[in-house]
Amino acid sequence: MDPALLRERELFKKRALNTPAVEKRPAPSESSSSKKKKSKPDKEASGSKNSADSNNGSFNLKALTGSSGYKFGVLAKIVNYMKTRHQKGDTHHLSLEEILDETKLLDIGMKQKQWLMSEALANNPKIDVNDGKYGFKPKYNLKDKKALLRLLDKHDQLGHGGILLDDVEEGLPNSAKAIKALGDQIIFVTRPDKKKILFFNDKHCQFTVDEEFQKLWRSIPVDSMDDEKIEDYLKRQGITSMQETGPKKMAPIQKRKKASQKGRRFKTHNNHLAGVLKDYTDGEPTKK
């Protein structure tokens, strides 16, 4: 081969090696981009499902395993179950295994069981413990409608007023049926917070008041009157208020301070023993 051609070939190889090469990447296909776009909505959908389950009230206890929320969720479920069965009339006590069986909580560990027995159920104000078994402890333990009527009558006589309907429903099995059977023997009063209170309807205190006295009673405005104005009015009318007729408080008697013992001298009445007694005041005995 011609040496000139060989020389040109070598120069071409050198130039080719020194020239940088630019590689073009293939454009992303439509299938891969669609997969990426689809993956994000799936995650969002799963998160929305979990939030929807919690909002609907289906509390997943297993999702809180190992946390304090799981333990207190178990406790709340047990207390609510014990309250519900008490309201249905099942007031007998149950062992912890029976409670876990009926509430379908048999998958909890030994630590949670020990915590329930030693702390949670034993110290809960709504749970009664008797011989290792547990029952619901309402504010008022009522057996039937007669017990409810006696309780309302006692509250009325002692001036305690009424009893919340929630407390009655909590402690009286089949409370709606019992309240309906009592009829007009009890009175319902609704508070501003929409809670209902039961009062005993004492029919002995029912009497008719003359319409003239009712008009006089309603004609007296008392909206602008307070305790001080009422007391001043009574004084002007020569009526002594009840505050002045009550027992007066006595001022506390101040204790006398004890006189100091320093510098006190005592008289000696042993004159007939003069010359026999010795004085040790200065350390050395001296005859008197």
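Observations
- Going by accessible surface with a 1.4 Å probe and the largest first, Glu98, Glu231 read Glu98, Glu231.
- HN-Hα J in Hz across region 109-115 - Karplus 6.51, -1.76, 1.60, θ = phi - 60°, x for Gly and Pro: x, 5, 5, 5, 5, 5, 5
- Per-residue HN-Hα couplings for region 193-207 [Karplus 6.51, -1.76, 1.60; θ = phi - 60°; Hz; x = Gly/Pro]: 8, 6, 7, 9, 10, 9, 10, 6, 8, 7, 6, 5, 8, 8, 8
- Amide H contacts of Ile186: Asn201, each under 5 Å away and 5 or more positions distant or on a separate chain (H built 1.01 Å from N in the peptide plane; Pro and chain starts excluded).
- Fraction of accessible area attributable to carbon and sulfur, region 105-221 (%, probe 1.4 Å): 53 percent
- Nonlocal amide H pairs with Tyr140, under 5 Å, H built at 1.01 Å: Gly171
- Surface accessible to a 1.4 Å probe, per residue, for the residues of region 60-205, Å²: 62 Å²
- Ligands, DNA and RNA excluded, the heavy atoms of Ser175 present near 20 Å² of accessible surface to a 1.4 Å solvent probe.
- The listed peptides 82-94, 199-211, 161-173, 117-129, ordered by packing as a protection proxy, come out as 161-173, 82-94, 117-129, 199-211 (highest mean of other Cβ atoms within 10 Å first).
- Contour minus Cα-Cα distance for Lys229 and Asn123 (0.36 nm per residue): 33.0 nm
- Rounded accessible area of Leu216 (nearest 10 Å², 1.4 Å probe): 100 Å²
- In nm, spacing of pseudo-spin labels at Trp115 and Gln237 (7 Å Cα→C-beta vector): 6.6 nm
- With K and R counted +1 and D and E -1, the other residues having a Cβ less than 11 Å from that of Lys137 yield a net charge of +1.
- For Leu94, neighbours were defined as the other residues whose beta-carbon sits under 10 Å from its Cβ, and their charges (Lys and Arg +1, Asp and Glu -1) total -3.
The values are calculated or read from the model by the stated rules, or taken from the named source; none is laboratory data. The structure presented is a predicted model; accordingly, all values stated were derived computationally and were not measured. Methodologically, a virtual Cβ is constructed for each residue, glycine included, from the backbone with ideal geometry; neighbour enumeration extends over all protein chains shown. For accessibility, only protein heavy atoms count, side chains too; no ligands or nucleic acids. Shrake-Rupley method; radii C 1.70, N 1.55, O 1.52, S 1.80 Å.
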